[in-house]
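Worksheet: one structure, shown below.
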Amino acid sequence: MNDTIILGEQTIEVAPIPLGRLKKLLPAFNRAGMAFKNGRLDEVVFDDIVLVLSAGTGLTVTEVEELPATIEQLSAALEVVAKVAGLETKVTGLGEAGASLAAMPGTQAPTLGASSTPG
């Protein structure tokens, strides 16, 4: 059974992520996570969020951009994508500084204002 996210009224499946999409997801996830942690959400951050959700769902960037969503839904969706990508998280609160998500050796760990344990 795959995980799902909810954006607007739509439920979207997040299946295991192929390596080609995963390599695009991690840098964008890192940047978006830092912005959530610092409470600095701007257009560039939303571009990264869209890239993460596109990589996580297999939808095109355009399809993701057309989905309605609240900030809470985006935060929850990023958590699900992180889990499916192998980064298990426990939400401690949007924008709250917490431990960073587990990351591959030699990379800066992405953060979402969450504490975590390796998945």
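The values are calculated or read from the model by the stated rules, or taken from the named source; none is laboratory data. Here the structure is a predicted model, which is why all the values come from computation and not from measurement. FYI the Cβ positions are ideal-geometry reconstructions off the backbone, even for glycines, and counts take in every protein chain you see.
Of the residues that make up region 19-33, is at least one touching a Lys or Arg at 6+ places or on another chain (Cβ under 9 Å) and either under 18 Å from Leu87 (Cα atoms) or aliphatic (A, V, I, L, M) (or both)?
Checked against the condition, which is being touching a Lys or Arg at 6+ places or on another chain (Cβ under 9 Å) and either under 18 Å from Leu87 (Cα atoms) or aliphatic (A, V, I, L, M) (or both), region 19-33 yields no hits at all.
Taking only region 1-42 into account, find how many residues are in contact with a Gly (Cβ under 9 Å, 6 or more places away or on another chain) and small (Gly, Ala, Ser).
Number satisfying all stated conditions: 3.
Conditions: (1) surrounded by fewer than 20 Cβ atoms within 10 Å (Cβ to Cβ); (2) without any contact (Cβ under 8 Å) to a residue 24 or more places away in the chain; (3) of a type in the set (A, V, I, L, M, F, W, C). Ile71 meets all but one. Number of the miss?
(2)
Tally the residues that are under 20 Å from Leu67 (Cβ atoms), of a type in the set (Lys, Arg) and at pLDDT 85 or above, restricting the search to region 1-30.
The qualifying residues number 1.
Table: residues versus (1) charged (D, E, K, R); (2) buried (at least 20 other Cβ atoms within 10 Å of the Cβ).
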{"position": "Gly20", "(1), (2)": "no, no"}
{"position": "Gly33", "(1), (2)": "no, yes"}
{"position": "Asp42", "(1), (2)": "yes, no"}
{"position": "Asp47", "(1), (2)": "yes, no"}
{"position": "Ser54", "(1), (2)": "no, yes"}
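Does region 74-94 hold any residues that are part of a helix (DSSP H, G or I) and at pLDDT below 90, and which are they?
Ser75
Could you count how many residues in region 31-59 are modelled with pLDDT under 85, hydrophobic (A, V, I, L, M, F, W, C) and over 13 Å from the mean Cα position of the chain (by Cα)?
1
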